[in-house]
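Taking it in order: structure first as structure tokens, then the write-up.
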Protein chains: 2
Amino acid sequence: MTKALERREKLRAALIQAAEQMIAERGLAGLKTRDLAREIGCANGAVYNLVADVDELILRVGSRTLLRLDETLTLATNAGEPSPRESLVRIALAYCDFAAENLQLWRALFEHRMETGKLVPDWSVHDQMQLFRHIYQPLAALFPGRSPEELGITARSLFSAVHGMAALGLERKLVAVPLPALRKEITGLVRAMIDGLIAHDVKGAAAAD
Amino acid sequence: MTKALERREKLRAALIQAAEQMIAERGLAGLKTRDLAREIGCANGAVYNLVADVDELILRVGSRTLLRLDETLTLATNAGEPSPRESLVRIALAYCDFAAENLQLWRALFEHRMETGKLVPDWSVHDQMQLFRHIYQPLAALFPGRSPEELGITARSLFSAVHGMAALGLERKLVAVPLPALRKEITGLVRAMIDGLIAHDVKGAAAAD
DNA sequence: AATAATATTGAACGATGTTCAAGGTTCCTG
DNA sequence: CAGGAACCTTGAACATCGTTCAATATTATT
């Protein structure tokens, strides 16, 4: 029993790794089951013993990408002990850099759409939630008056805004912007957002008095 | 000569309209040439007399979507004569509302990727540039000290940030957020960004003295 | 009206994801 | 250790795409 399952797991790992490399090199649309099968040395049909369908395969690669992204953001947060404000800037820049360095894999996270009717499995959804965690902590330090729910919403908004800048900035479709310029823009806008949010907080508190 | 070309143009218009409706109903992935041909009453192969390939078809639909979006933003800008700051908020909300009401068509604008090697035609690129124009004017009023280039960059950053909030907010993948909540978040963050940018401007000017 | 030019057709091609019966391996049991 | 049960692997076959093209039908010109 061990022999068969062992080989299966080995092949599975190889499959996911091959898929990761293929997406990284040729984009999500360049992922082909026949190429994958040739790569890991098995028949085309055998892929479906290792994985239910390509949707699952893409999700598994996405999970790995999210994990690496998470590690990157963790590293960015722990570098030195800057103010919460600068911590958020660092996180945003780390996100941008990760996207630039893992462009195709990062795009695959957002480009992929499940075939209609099939819903994303729990383990995949759970992975995605973890990302906001990094933003949450500095935000909580900056806005001690806000409830956890409010902080969660603000965290998601901030994340989304930075994501949008990276997404459109790294896109060739709209004007291509050089990476250093994009980093500078993100830095400026994150600082502006935070300062603006702080100012509103003060105003709100004053009005509440 | 007129008879043939006339029919051709009629069919072309019908094709693009059918494609638009099909994308709106079933998403970009639901666009099938055979269904389109049946819809407009011609053979599958005839589609390629009206259009070079589906890429062009998608781009043509995108052009129409961008045009409607442009009209929507124009309307939002001209409604009343609010301050530049509130004008920007209105534009952002109009963008969000348009995305929500034209979800699939709006997604198609960003989901579509040309097959590698083929580049987007000029007329399509030109369409996309026009969007920043709406943001540019209020920004110029708010930041008279900035150069046109700087304003253009800020406009794109602001647009990208709002786009990101709409994109992730309207996505089912990350937590689904109700539209009113999303609008409120966008309003808050746009105001914060602008106020933050203004504060930085003042600080920068003071430091320059 | 005859002929040249052009448009339209739908069958066929090559890819692609997915399935499945046939045949091979591996594992448990007597 | 032998033999059967359970499982795995295979590669051919299927359905569905976008796209092409020789044959046919239509339109325009002389």
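The values are calculated or read from the model by the stated rules, or taken from the named source; none is laboratory data. Owing to the predicted nature of the structure, the values given are computational and were not obtained by experimental measurement. Counting neighbours? That spans all protein chains shown, and the Cβs are built from the backbone with ideal geometry, glycine included.
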Residue that is farthest from A:Pro138 (Cα to Cα) [pool: residues in segment A:67-94 that are among the hydroxyl-bearing types (Ser, Thr, Tyr) and touching a Ser or Thr at 6+ places or on another chain (Cβ under 8 Å)]:
A:Thr77
Only one residue in B:Ala29, B:Ala24, B:Ala52, B:Ala43 is within 16 Å of DNA strand C (Cβ to nearest atom) and under 23 Å from B:Leu168 (Cβ atoms). Which one?
B:Ala29
Identify the residue in segment A:101-122 that is among the aliphatic types (A, V, I, L, M) and under 12 Å from the mean Cα position of the chain (by Cα) and, among all such residues, is farthest from DNA strand C (Cβ to nearest atom).
A:Leu103
Reported set for segment B:8-31 where residues are surrounded by 14 or more Cβ atoms within 10 Å (Cβ to Cβ) and within 9 Å of DNA strand D (Cβ to nearest atom) is B:Leu31
For segment A:108-123: of the residues being facing another protein chain (nearest Cβ under 9 Å) and in contact (Cβ under 8 Å) with a residue 60 or more places away in the chain, which is nearest to B:His112 (Cα to Cα)?
A:Glu111
Please go through segment A:77-107 and pick out each residue that is among the small types (Gly, Ala, Ser), in contact (Cβ under 8 Å) with a residue 24 or more places away in the chain and away from every other protein chain (no Cβ under 14 Å).
A:Ser87, A:Ala100
Among the numbered criteria (1) closer than 18 Å to A:Ala192 by Cα; (2) more than 11 Å from chain A (Cβ to nearest Cβ), which one does B:Asp201 miss?
(2)
From (1) under 30 Å from A:Gly196 (Cβ atoms); (2) within 16 Å of DNA strand C (Cβ to nearest atom); (3) of a type in the set (A, V, I, L, M, F, W, C), pick out the condition that doesn't hold for B:Phe98.
(2)
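Are any of the residues in segment B:62-81 more than 16 Å from DNA strand C (Cβ to nearest atom) and closer than 25 Å to A:Met114 by Cβ? It would help to see each step written out before you state the result.
Step one: of segment B:62-81, the residues more than 16 Å from DNA strand C (Cβ to nearest atom) are B:62-81.
Pick out the ones that are also closer than 25 Å to A:Met114 by Cβ and you get B:62, B:65.
Checked segment B:62-81: at least one residue is more than 16 Å from DNA strand C (Cβ to nearest atom) and closer than 25 Å to A:Met114 by Cβ.
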List every residue pair whose Cβ atoms lie under 7 Å apart, where the two residues are 6 or more positions apart in sequence or sit on different chains, the first residue falls within segment A:37-60 and is more than 14 Å from chain B (Cβ to nearest Cβ) and over 11 Å from A:Leu15 (Cβ atoms), and the second residue, located anywhere, is assigned to a helix (DSSP H, G or I) and near DNA strand C (Cβ under 10 Å from one of its atoms).
A:Ala43/A:Ala37; A:Asn44/A:Thr33; A:Asn44/A:Arg34; A:Asn44/A:Ala37
Considering only segment B:140-159, I want to know if a residue exists there that is within 11 Å of another protein chain (Cβ to nearest Cβ), out of contact with any Cys (no Cβ under 8 Å at 6 or more places or on another chain) and modelled with pLDDT under 90.
no
